[in-house]
Amino acid sequence: MDRNRRPGSPVNVEMLREIMQLNFAMIETVLFLNTHPTCRPVLDLHNEFASRFNKLVERYQERYGPIYASYENAEYPWMWIEEPWPWEIKY
Amino acid sequence: MWEYKKILEYPANVRRQDPDYASLVVTQFGGPDGELAASLRYISQMYTMPIPEGKATLNNIGTEELAHFEIIGTLVYKLVEGIPADVLKNTRFAPHYAQHGRANYPADAFGNAWTASYIQSHEDPVASIQEDLAAEQKARATYEYLIDMSDDPAIIDTLSFLREREVVHFQRFGEVLDLLYDYMDDYEEWG
Ligand SMILES: [Fe+2]
């Protein structure tokens with residue numbers, strides 16, 4: 001399995017894993033809040049995770065390319081198609 | 001609608017390739033208690049769910065299950081990626097290769113194609129949520145069988161995460177069921 005990246009399609013696995021962790025933390029707060037909508041401490045936790053997630057995703061997208069196809073500062077040429085896709089990465 | 005994030009929900013690695021194991025773990029891709037069935041079950045049921053907590057729970061868990069479908073797809077893909085046909089032909093993966101090559105296909109461990117008959121969706125919300133509670137337990141049990149048959153620590157790590165998610169989903173659906181009973185107590189026609 002050749003996991004070498006093509007030049008021009010960098011990926012920062014360490015930073016990706018941090019994004020994945022925050023994404024997962026949000027999945028948990030969302031599911032919990034859906035059945036506990038008045039739980040203030042978890043709501044605050046959710047907002048904190050969401051804020052950290054959004055900031056980190058923004059930094060990642062500036063440096064390594066889009067996490068979302070809707071990324072607003074897309075560079076030329078169109079980077080969304082760049083490999084690796086999530087299933088092609090050795091974590 | 002759905003928007004893709006170019007990340008996995010959880011890392012999916014394999015320490016070494018194993019076509020035999022690919023043909024077993026594929027059941028969580030397209031088998032009766034697999035992630036595709038889970039996702040489509042919940043996002044089919046959400047429309048007529050009478051309480052807001054229930055609609056949101058079905059929507060978000062259905063979404064998460066689709067991310068699990070991608071994680072299992074990643075494991076199957078990595079387990080067989082690039083292995084030549086003359087090696088695959090002597091493994092349990094040979095019938096899959098004959099029909100699909102190394103492409104992922106939603107089927108169970110016996111090779112049966114995914115079918116909507118695996119899932120149910122009822123307007124009666126208690127009937128649907130009870131189905132969902134059972135589905136989470138069956139998925140948890142399947143992950144335990146799959147973990148028991150693996151000696152790859154990377155695969156066991158990923159499957160253990162997915163197993164744990166089924167436990168959390170079971171908990172959330174249990175809370176929805178309690179909320180549904182409260183809701184039904186408030187409306188005599190349900191009682
Ligand atoms: Fe689940």
Derived scalar couplings ³J(HN,Hα) [the stretch B:152-169; Karplus, 6.51 cos²θ - 1.76 cosθ + 1.60; whole Hz; x for Gly, Pro]: 9, x, 5, 5, 4, 4, 5, 5, 5, 4, 5, 4, 4, 4, 5, 5, 5, 4
Global geometry of the stretch B:132-175, whether rounded, prolate or oblate, following the gyration tensor of its Cα atoms and the 1.5 cut on a/c: oblate
Residue B:2 paired with residue B:157, simple spin-label distance in nm, labels 7 Å along Cα-to-beta-carbon: 2.6 nm
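When only DSSP loop residues count, what chymotrypsin sites (Phe, Trp or Tyr not before Pro) in the stretch B:87-180 have their Cβ near at most 16 other Cβ atoms within 10 Å?
Answer by residue number: B:110.
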Column: log10 I(q)/I(0), Debye, Cα scatterers of chain B, q = 0.10, 0.17 Å⁻¹: -0.43, -1.05
R0 of 45 Å, Cβ-Cβ distance residue B:183-residue B:16: FRET efficiency to nearest 0.05: 0.30
Between helix B:125-148 and chain B: long-axis angle, C-alpha atoms, 0 to 90°, nearest 10: 30 degrees
Solvent-accessible surface ranking, highest first, for B:35, A:82 at 1.4 angstrom: A:82, B:35
For the protein assembly as shown, calculated [θ]222 nm from helices alone, where every DSSP H run of n ≥ 4 adds -39500 (n - 2.57): -20000 deg cm²/dmol
Computed over the protein assembly as shown, Cα set: Rg, Dmax in Å: 20.2, 66
3J(HN,Hα) from dihedral phi, the stretch A:56-68, Karplus parametrisation 6.51/-1.76/1.60, rounded to Hz, x for glycine, proline: 5, 4, 4, 5, 5, 5, 5, 8, 10, x, x, 8, 10
Principal axis box of the stretch B:1-106, alpha-carbon based, largest edge first, Å: 55, 25, 19
Residue of A:72, A:58, A:18 that the Gaussian network model of chain A assigns the largest fluctuation, springs spanning Cα pairs under 10 Å: A:72
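Under the Kirkwood approximation applied to all pairs of distinct alpha-carbon atoms, what is the hydrodynamic radius of the stretch A:13-88 in Å?
One decimal place: 13.8 Å for the Kirkwood radius.
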In degrees, nearest ten, helix B:52-80 long axis to first principal axis of chain B (Cα): 0 degrees
With Cα atoms, 0 to 90° folded angle of helix A:13-35 axis to chain A main axis: 30 degrees
Cβ-based charge dipole, chain A, positive-most Cα from A:64, A:12, A:77: A:12
Fraction in percent of alpha-carbon pairs per bin - 5 Å, the stretch B:1-63: 4, 14, 17, 20, 18, 13, 8, 4, 2, 0
Alpha-carbon centroids, the stretch B:112-190 and the stretch B:27-80: separation in whole Å: 10 Å
Size of electric dipole in chain A: Cβ of Lys, Arg +1 and of Asp, Glu -1, about Cα centre, debye, nearest 20: 180 debye
Hypothetical label at residue A:21: residues of the stretch A:34-70 whose amide nitrogen lies under 19 Å (7 Å Cα-Cβ projection): A:45-61
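The values are calculated or read from the model by the stated rules, or taken from the named source; none is laboratory data. This structure is a prediction, so every number in the text was calculated from the model and none was measured. Note that we place each Cβ from the backbone using ideal geometry, even for glycine, and neighbour counts take in every protein chain shown. These accessible areas exclude ligands, DNA and RNA; they are computed on the full protein's heavy atoms, side chains included. Shrake-Rupley method; radii C 1.70, N 1.55, O 1.52, S 1.80 Å.
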